[in-house]
Every structure is written in structure tokens, then in C-alpha cells.
Amino acid sequence: HHALGYATEAGEILDVFKKHHIYGKPLDRVNLVEEIGDACWYLAGLANAWQVDSCALSSAVVSGWLIKHNDAAWTLDMLTLQQSLGAISAELAMTVRNSQDAPVLPQRAAYLIEKAFIPLNHLLHYWCIGVTMKEAMAVNVAKLAARYGDKYSDAGATVRDLGTERGLLADLLRKHYG
């Protein structure tokens, strides 16, 4: 579930950039933060399933990932982003499938979770300057709490107040962009 969820969110992240770069629409930073937060939620679920302490992940990798690009270089690098998110999604799915035969080694699990966080953290630093991974994850939890309350429900999954959810995310960006 979590590996497939990450793959789904990776596709939604790429869709945000497709609309911006291909169709010329303004970059929807609110949606980008939402999709990154959703992808992080799935990674946290994988970390929990694999007994990886996500708080103990390498701060140099998760928090310190900052690459500077100019817009022209980034446009050319969209294919690299697509390949990166796709390859990580496939690697997570294959590891989950193989774990039915043999448990995932703790070092391998931690490595995969860190590797999956890297492009997400990079996107936050470059496109949502000032928004931290911790903030993106916290606002995602707030969004899910607004949707479901204390626990998941099928009704909450299908009948959503998208205005409230988007408002929570927009508030985070206003904090950084004024």
C-alpha cells in the first residue's frame, strides 16, 4: 500500500510540473506542498512497517539536500526528476514484493527511505523556498486530521472539504511568502 501510494504521489508531483512547464500555467506551490506531504506520509508508513526510525534518518541527506538550479537547467532536468521518482517507486515496490520471501534488512530499509526523501526535499528547497520537510509533513497531518478526524473512514476519503484542506496548505505558504 505505501509503496504504491508513494508512486501515485510521485505521479501527482510530476503532474504539477507538467502543468507548469508544458501548459505554461503558474506553478501551483500549494498543490506541490500537498503532494510532497502525501508522498512523505507514505514513506513514513513504509519506515514504520520496516521499523526504521524516520527521525533518525541522516540529517545531511534529509534536511541538508539543497541543489541550486537556474530555470533553464531545471527545465532540462525534468526528465531526470521523472526518472528519479519512477526508479525510486519501482525500487520500493520491488523491495516490498521481495520482503514476502525475506525480511528487509534494516540498513537497506533506511537507505531506501532516505533515497526516496531526497527528491522531495530537493523540490521543497528549490520550488517552495523556506518550507521545510517537517513543515510539509506537519501540514499534511493537519490536512488528514481535517479530513478524517481521529481515524480513517471511507466517507472521509470520498466526501472531502477541499477548500479547508487547500486553506491549511496555503496558510503554510503565506507564512513563507507573505
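The values are calculated or read from the model by the stated rules, or taken from the named source; none is laboratory data. Computed from a prediction, not measured in an experiment: that's the story for all the values here. We place every Cβ from the backbone using ideal geometry, glycine too, and count neighbours over all the protein chains shown. These accessible areas exclude ligands, DNA and RNA; they are computed on the full protein's heavy atoms, side chains included. Shrake-Rupley method; radii C 1.70, N 1.55, O 1.52, S 1.80 Å.
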Residues THR75, THR80: which one is open to solvent by 40 Å² or more (accessible area, probe 1.4 Å), at pLDDT below 85, in contact with a His (Cβ under 7 Å, 6 or more places away or on another chain) and in a helix (DSSP H, G or I)?
THR75
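For every residue, the table says whether it meets (1) of a type in the set (Lys, Arg); (2) in a helix (DSSP H, G or I); (3) touching a Cys at 6+ places or on another chain (Cβ under 9 Å).
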position: TYR126; (1), (2), (3): no, yes, no
position: VAL131; (1), (2), (3): no, no, no
position: ALA136; (1), (2), (3): no, yes, yes
position: ALA145; (1), (2), (3): no, yes, no
position: GLY163; (1), (2), (3): no, yes, no
position: ARG166; (1), (2), (3): yes, yes, no
position: ASP171; (1), (2), (3): no, yes, no
Residues in region 11-58 that are outside any loop (DSSP other than H, G, I, E, B) and farther than 18 Å from VAL139 by Cα: how many?
14
Which numbered condition PRO119 fails, given (1) of a type outside the set (A, V, I, L, M); (2) surrounded by 14 or more Cβ atoms within 10 Å (Cβ to Cβ); (3) free of Cβ contacts under 8 Å to residues at least 12 places away in the same chain:
(3)
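Considering only residues of region 5-29 that are open to solvent by 20 Å² or more (accessible area, probe 1.4 Å) and among the hydrophobic types (A, V, I, L, M, F, W, C), which is nearest to GLY130 (Cα to Cα)?
Initial filter on region 5-29 (open to solvent by 20 Å² or more (accessible area, probe 1.4 Å)): 7-8, 11-12, 14-15, 18-29.
Now restrict to residues that are among the hydrophobic types (A, V, I, L, M, F, W, C): 7, 14, 22, 27.
Details: ALA7: 25, LEU14: 21, ILE22: 26, LEU27: 16 Å.
Of everything passing the filter in region 5-29, LEU27 is nearest to GLY130 (Cα to Cα).
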Just name the residue that is nearest to VAL33 (Cα to Cα) out of those in region 95-113 that are open to solvent by 40 Å² or more (accessible area, probe 1.4 Å) and assigned to a helix (DSSP H, G or I).
TYR111
Among the residues in region 48-67, are any open to solvent by less than 40 Å² (accessible area, probe 1.4 Å) and at pLDDT 75 or above?
yes
Given (1) in contact (Cβ under 8 Å) with a residue 40 or more places away in the chain; (2) over 19 Å from GLU12 (Cα atoms); (3) open to solvent by less than 40 Å² (accessible area, probe 1.4 Å), where does GLU135 come up short, assuming only one miss?
(1)
Would you point out which residue out of TYR152, TYR148 is among the hydroxyl-bearing types (Ser, Thr, Tyr), on the phi < 0 side of the Ramachandran plot and surrounded by 12 or more Cβ atoms within 10 Å (Cβ to Cβ)?
TYR148
Going through (1) in contact with a Leu (Cβ under 8 Å, 6 or more places away or on another chain); (2) open to solvent by 100 Å² or more (accessible area, probe 1.4 Å) one by one, THR158 fails only at (1)
